[in-house]
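Visitor: Below are the structure tokens for one structure; questions will follow.
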Amino acid sequence: MNVFRLIGDLSHLLAILILLWKIWKTRSCSGISGKSQFLFALVFTTRYLDLFTNFISPYNTFMKIVYIVCSCVTVYFIYVKFKATYDSNHDTFRVEFLVVPVGGLAFLVNHDFTPLEILWTFSIYLESVAILPQLFMISKTGEAETITSHYLFALGAYRALYIVNWVYRYYFEGFFDLIAIVAGCVQTILYCDFFYLYITKVLQGKKLSLPA
């Protein structure tokens, strides 16, 4: 654990809480991609199957539980509790175009050909592209609510901070995980255009819009 990873984890947690708060306060999941949230729930479920078999620290266990529970609650809000407010007409990204290739890649490129390791690798690859349905939805609707923009920025900041964390660990601990680093860089790159628009528009009080 180092300060960059800690801040990254807090940014990730903040993003999740912002999204849940937005849905609960407005009683609406308008503008939120249920497909992206389903993919994130799949990411955390497959990554943390070792929850009760691989204890690292109380902090690690707590965060794993929080991520799984919060992602599942978000999916429940979107597809069950506030289903009437879910904009399925604009959430049309074909997630099978992400899940199937990612699943195949996880079988081919992994650290160890065991079920848990393959699922962990699958979760790393999938997380790198799980935000695409959300970005695609924003490009179709033409704009995003300010609170949704804050959620995306916090989520992107979490990935960017993790890159700094990996650099730190390489130089000070000799740790290097090529799979996690490449996937994390891909995910951060997907946020770059959004970061620019967030800084130039949202922080100036304007609504964020992405080109179709």
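Visitor: Restrict the check to segment 33-51 and report whether at least one residue is of a type in the set (D, E, K, R), closer than 26 Å to residue 106 by Cβ and surrounded by fewer than 20 Cβ atoms within 10 Å (Cβ to Cβ). Write out each step before concluding.
Guide: Going through segment 33-51, the residues of a type in the set (D, E, K, R) turn out to be 35, 47, 50.
Narrowing further to those that are closer than 26 Å to residue 106 by Cβ: 35, 47, 50.
Then drop every residue that is not surrounded by fewer than 20 Cβ atoms within 10 Å (Cβ to Cβ), which leaves 50.
Looking for residues that are of a type in the set (D, E, K, R), closer than 26 Å to residue 106 by Cβ and surrounded by fewer than 20 Cβ atoms within 10 Å (Cβ to Cβ), one finds at least one in segment 33-51, hence yes.
Visitor: Restrict the check to segment 32-44 and report whether at least one residue is in a helix (DSSP H, G or I), among the aromatic types (Phe, Trp, Tyr) and within 30 Å of residue 167 (Cβ to Cβ).
Guide: Filtering segment 32-44 down to residues in a helix (DSSP H, G or I) leaves 34-44.
With the extra rule that they be among the aromatic types (Phe, Trp, Tyr), the set shrinks to 38, 40, 44.
From what's left, within 30 Å of residue 167 (Cβ to Cβ): 40, 44.
Looking through segment 32-44, at least one residue is in a helix (DSSP H, G or I), among the aromatic types (Phe, Trp, Tyr) and within 30 Å of residue 167 (Cβ to Cβ).
Visitor: Please work out which residue is farthest from residue 121 (Cα to Cα), limiting yourself to segment 45-56 and to residues that are assigned to a loop (DSSP other than H, G, I, E, B) and either in contact with a His (Cβ under 7 Å, 6 or more places away or on another chain) or touching a residue at least 12 places away in the same chain (Cβ under 8 Å) (or both). Write out each step before concluding.
Guide: Step one: filter segment 45-56 for residues assigned to a loop (DSSP other than H, G, I, E, B), giving 48-56.
The next check asks that each one be either in contact with a His (Cβ under 7 Å, 6 or more places away or on another chain) or touching a residue at least 12 places away in the same chain (Cβ under 8 Å) (or both); those that pass are 48-51.
Values: 48: 11, 49: 12, 50: 13, 51: 16 Å.
Out of the qualifying residues, it is 51.
Visitor: While we're here: Only one of (1) touching a helix residue (DSSP H, G or I) at 6+ places or on another chain (Cβ under 6 Å); (2) closer than 15 Å to residue 39 by Cβ; (3) open to solvent by 20 Å² or more (accessible area, probe 1.4 Å); (4) not in a helix (DSSP H, G or I) is not met by residue 90, so which one is it?
Guide: All conditions are met except number (2).
Visitor: Kindly check whether there is at least one residue in segment 9-18 that is among the hydrophobic types (A, V, I, L, M, F, W, C), out of contact with any His (no Cβ under 8 Å at 6 or more places or on another chain) and farther than 16 Å from residue 155 by Cβ.
Guide: no
Visitor: Would you mind telling me which numbered condition in (1) out of contact with any strand residue (DSSP E or B) (no Cβ under 7 Å at 6 or more places or on another chain); (2) at pLDDT below 90 residue 144 fails?
Guide: Every condition holds for residue 144 apart from (1).
Visitor: Applying the selection to segment 157-175, what residues are touching a helix residue (DSSP H, G or I) at 6+ places or on another chain (Cβ under 8 Å) and of a type in the set (Val, Ile, Thr)?
Guide: 163, 164
Visitor: When the residues of segment 52-78 are filtered to those that are over 18 Å from the mean Cα position of the chain (by Cα) and hydroxyl-bearing (Ser, Thr, Tyr), which remaining residue is surrounded by the fewest Cβ atoms within 10 Å (Cβ to Cβ)?
Guide: Among residues in segment 52-78 that are over 18 Å from the mean Cα position of the chain (by Cα) and hydroxyl-bearing (Ser, Thr, Tyr), the one surrounded by the fewest Cβ atoms within 10 Å (Cβ to Cβ) is 53.
Visitor: While we're on this one: Identify the single condition in (1) open to solvent by 30 Å² or more (accessible area, probe 1.4 Å); (2) closer than 15 Å to residue 38 by Cβ; (3) touching a His at 6+ places or on another chain (Cβ under 9 Å); (4) hydrophobic (A, V, I, L, M, F, W, C) that residue 99 does not satisfy, given that it satisfies every other one.
Guide: The single condition residue 99 does not satisfy is (3).
Visitor: When residue 103 is evaluated against the numbered criteria (1) within 18 Å of residue 152 (Cα to Cα); (2) at pLDDT 95 or above, which criterion, by number, is the only one it fails?
Guide: Unmet for residue 103, out of (1) within 18 Å of residue 152 (Cα to Cα); (2) at pLDDT 95 or above: (1).
The values are calculated or read from the model by the stated rules, or taken from the named source; none is laboratory data. Note that the structure is a prediction, hence the values are computed from the model and not measured. Positions of Cβ are generated from backbone atoms using ideal geometry, with glycine treated the same way; all protein chains shown enter the neighbour counts. Only protein heavy atoms, including side chains, enter the accessible area calculation; ligands, DNA and RNA are left aside. Shrake-Rupley method; radii C 1.70, N 1.55, O 1.52, S 1.80 Å.
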